Amino acid sequence: DDSRHTLTLGADVQQESLVADRLSRVGRRTRTSPFAQHQWLVHRALNVTIAPGFRVDVDSQFGTVPSPKLAVRMDPHERLVLRASVGRGFRAPNFKELYLTFENPSVGYRVVGNPDVRPETSWSMQLEGEWTPSARVTVRASLYRNQIDDLIDTALDETQANVVYTYVNTSSAITQGTELSLRVRPVPGLDLQVAYVFLDARDLQRDRWLTGRSRHRGTFRARYSHADAGFSATVRGSLVGQRPFYETDANGDDQEVMDDLYLSLDVRLEQRVGDLVGLFVGADNLAGAGGRYLSIRPRGFYAGLSVDY
């Protein structure tokens, strides 16, 4: 039955060239990535679908890397979807990670690229379930594990007197955990979403937690819109637990420093005036999160006008 099979063939071709004041040199790269995927509907009643795939990245700067994958889906109930996947990943460092030279005096830090950063490769596995008990409620849960080699990570450059971040490779790392989310639409126009993420992220080379990765993170978003009145309001934020960082002491040993948890909170209000004009006001980082290890902009307010034509 041909209707049970879908074959997809294609190629992703990228030619990148970037010149900017914030880059220490001109960036040029070509990448050609042919790919193929075969989707097979094994069982119609339960919507059991198997989708093997294969991709090859041919990068002018970093060579050739194959990436196979396999995904499976099953709907045991009309309101329940189960998914599983496993695959190999490849990510070449972008020009920012290689050559960026950026300074943010308002926050007090610099970011400097590292031209010696290598691509990262990984094996990833994920299990996910999505339950929709009603049209207004969606619950999603997932388990994941990533085995990463040459992970591209940020690090504080201890050789600099000021706060300077750069990019480094971690030889081998594991990130694994779970994510739980709930989306509720209790009344027309109101959309509420909350999520919790538990992350176990370890640097296997140094046998320690990965820099700057929090084990616990909660996010939320509330959006209300009234189409007839042309009004919308969005509140979103995240509560991020303690994060480990490492500083070198006088003996040359790395000492773990735990940064405090923080709350990030953003608000935006918009009012449409006719079909073409929109007025908006908002605030970023309303809770005033910041610190030595948190490179985000301080509390700020804005207002503006948009015109669609």
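The values are calculated or read from the model by the stated rules, or taken from the named source; none is laboratory data. Everything numeric in this text was worked out from a predicted model, so none of it was measured. Don't worry about glycine lacking a Cβ; one is built from the backbone with ideal geometry, like all the others, and counts go over all protein chains shown. Keep in mind that these areas ignore ligands, DNA and RNA; they rest on the heavy atoms of the full protein, side chains included. Shrake-Rupley method; radii C 1.70, N 1.55, O 1.52, S 1.80 Å.
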Check the range 130-147 and report whether any residue there is part of a strand (DSSP E or B), surrounded by fewer than 16 Cβ atoms within 10 Å (Cβ to Cβ) and among the aromatic types (Phe, Trp, Tyr).
yes
Report whether or not LEU127 is touching a residue at least 40 places away in the same chain (Cβ under 8 Å) and under 30 Å from ARG79 (Cα atoms).
yes
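Inspect the range 230-251 for any residue being at pLDDT 90 or above, farther than 30 Å from ARG185 by Cα and open to solvent by less than 50 Å² (accessible area, probe 1.4 Å) and give the result as yes or no. Full working, then the answer.
So in the range 230-251, the residues at pLDDT 90 or above come out as 230-244.
Subset that is farther than 30 Å from ARG185 by Cα: 242-244.
Then keep just the ones that are open to solvent by less than 50 Å² (accessible area, probe 1.4 Å); that gives 243-244.
Yes, the range 230-251 has at least one match.
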The condition from (1) over 18 Å from the mean Cα position of the chain (by Cα); (2) part of a strand (DSSP E or B) that VAL117 misses is numbered (2)
From ARG183, ARG208, ARG140, grab the single residue that is touching a residue at least 12 places away in the same chain (Cβ under 8 Å), closer than 25 Å to LEU261 by Cα, in contact with a strand residue (DSSP E or B) (Cβ under 6 Å, 6 or more places away or on another chain) and among the charged types (D, E, K, R).
ARG183
Restricted to the range 159-209, and to residues that are in contact with an Asp or Glu (Cβ under 6 Å, 6 or more places away or on another chain) and closer than 23 Å to GLU128 by Cβ, which residue is surrounded by the most Cβ atoms within 10 Å (Cβ to Cβ)?
ALA173
